[in-house]
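The values are calculated or read from the model by the stated rules, or taken from the named source; none is laboratory data. Everything quoted here is computed from the prediction, not taken from an experiment. Because the Cβ atoms are built from the backbone with ideal geometry, glycine has one as well, and the counts that use them run over all protein chains shown.
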Amino acid sequence: MKRLIIFSSMFVILTTSAWAQPGPNDGPAPDMGYMPPRNVEAVRIYKLTQALNLTDVQITTFIPALQKHEQAVREEQKKLMTIMDEGRTLFNEDQMSQKEVNKFMDKVNGQQARIQTMNQDFLKSLDKYLTPRQQLQYLGFEVRFRRQLRDFIQDRQAPAARQKMMDKRRP
């Protein structure tokens, strides 16, 4: 019963978001391939719940743990971007020493290692939330979801817009 309530709530949120989008006569035409990040996240969680066939208990334990992990990784990735900005500054300086470059590379490697360790630790903890089969399904889910999302967006783009994007990619 709880699962039905959760799925119903997700359905209501998704359909309400879709109805709230501007219509064809409500100003400039929206980019047909754009979906706000919160909607994409809601769809991803819904699809993950379906793909792994999560129980009510798993939904209430795994999904919050997943979201907490992803938020922590995003924060570490922001730190990495800050470090990369420092690298751009270093690059733009007239003179730089090998010592400065080595120090920068060590910072980048250290931050990437922290992110990698966080991901490895999360994967090792999956047995607290998921069955062995679900753990394997989870590993492939993200790649499949991103591919499906990309294909969905490409299918919705007009052929002219798709050609324009392809032209931009060519040197």
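Worth pointing out:
- Taking region 87-171 and the helices (runs of 4 or more DSSP H) fully enclosed by it, the elements with 3 or more residues that are in contact (Cβ under 8 Å) with a residue 24 or more places away in the chain are at 98-124, 132-156.
- Leading residue by the ranking (farthest from residue 46 (Cα to Cα)) among those in region 147-156 that are in contact with a Lys or Arg (Cβ under 9 Å, 6 or more places away or on another chain) and modelled with pLDDT under 85: 154
- Set 91, 104, 152, 122: member being assigned by TED's automatic domain parsing to the domain that holds residue 47 and either surrounded by 12 or more Cβ atoms within 10 Å (Cβ to Cβ) or farther than 30 Å from residue 54 by Cβ (or both): 152
- Unique residue being more than 24 Å from residue 67 (Cα to Cα) and not aromatic (Phe, Trp, Tyr) when the list is 140, 87, 110: 87
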